[in-house]
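Beneath this line is the structure, given in structure tokens, with notes to follow.
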Amino acid sequence: MESRIDRIKKQLHGASYKLTPQREATVLVLLEHEEDHLSAEDVFLLVKVKAPEIGLATVYRTLELLTDLKIVDRINFGDGVSRYDLRQEGAAHFHHHLICIECGTVDEIQDDLLGDVEKIVESRFDFAIKDHWLTFHGICKRCKSDVDDNVE
Ligand SMILES: [Zn+2]
Ligand SMILES: [Zn+2]
């Protein structure tokens with residue numbers, strides 16, 4: 001079976017880029033930390049473990065390239081830090097996020113859920129939607145159960 005890294009390699013080749021060792025180390029870090037929302041500095045520190053000679057500028061350029069190719073999405077949760085998130089394979093849209101205002105945990109929703117909303121927006125505003133970002137702010141199930149425990 002073809003691995004995810006092989007398919008990313010093909011995407012790069014398709015756009016006339018090579019999967020250099022530095023790019024590969026960066027992609028591997030993103031794959032290993034798929035659930036996390038790493039900043040460029042976080043990625044750099046993790047890549048450095050695999051490829052000690054790599055520089056921050058190279059990591060930045062690689063993240064920019066992966067963003068341009070839509071392999072990765074750049075997100076900002078309002079704290080001024082750009083974070084990098086692997087796009088689900090075959091996903092037409094970016095996944096949604098649930099941010100807990102108590103503990104700061106970020107959970108993901110991979111289902112699109114917005115098909116009907118998009119149809120309404122496209123017809124009402126005559127607007128061709130290419131993507132959307134959706135972030136919900138609230139209290140996660142772990143924090144909610146803490147509150148329930150305190151009540152008992
Ligand atoms: Zn995410
Ligand atoms: Zn929470």
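The values are calculated or read from the model by the stated rules, or taken from the named source; none is laboratory data. In this text, all values refer to a predicted model and were calculated from it rather than measured experimentally. Quick reminder, even Gly has a Cβ in these numbers, built from the backbone with ideal geometry, and neighbours come from all protein chains shown. Surface areas here come from the heavy atoms of the whole protein model, side chains and all, with no ligands, DNA or RNA. Shrake-Rupley method; radii C 1.70, N 1.55, O 1.52, S 1.80 Å.
The figures follow:
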{"item": "Listed residues ARG7, ARG124, ARG83 arranged by accessible area, highest first, probe 1.4 Å", "result": "ARG124, ARG7, ARG83"}
{"item": "5 angstrom amide H check on LEU98, placed H, neighbours 5+ away", "result": "ASP107, GLU108, ILE109, PHE136"}
{"item": "Theoretical FRET efficiency, 1/(1+(r/R0)^6), r = Cβ-Cβ of LYS70 and CYS103, R0 25 Å, to 0.05", "result": "0.25"}
{"item": "Range in the chain, longest, excluding exposed chymotrypsin sites (Phe, Trp or Tyr not before Pro) [loop by DSSP; at most 15 other beta-carbon atoms within 10 Å]", "result": "1-76"}
{"item": "Where GluC sites (Glu not before Pro) fall in DSSP loop in the range 75-141, at most 16 other Cβ within 10 Å", "result": "GLU89, GLU102"}
{"item": "Unit charges on C-beta of K, R, D, E only; dipole of the range 37-152, Debye", "result": "440 debye"}
{"item": "Percent carbon-and-sulfur accessible area, the range 1-90, ignoring ligands, DNA and RNA, probe 1.4 Å", "result": "52 percent"}
{"item": "Heavy-atom surface of the range 90-129, accessible at 1.4 Å and reported per residue (Å²)", "result": "67 Å²"}
{"item": "31 Å Cα-Cα threshold exceeded, pairs from LYS10/LYS50; LYS9/LYS141; LYS18/LYS130; LYS9/LYS48", "result": "LYS9/LYS141"}
{"item": "Debye log10 I(q)/I(0) for the chain, one point scatterer per Cα, at q = 0.09, 0.19, 0.22 Å⁻¹", "result": "-0.37, -1.19, -1.38"}
{"item": "Relative contact order (%) - the chain, alpha-carbon pairs under 8 angstrom, separation at least six", "result": "17 percent"}
{"item": "Spatial separation of Cα centroids for the range 90-152 and the range 7-39, in angstrom", "result": "26 Å"}
{"item": "Amide H within-cut-off set for LEU86, under 5 Å, with H built and near neighbours excluded", "result": "ASP73"}
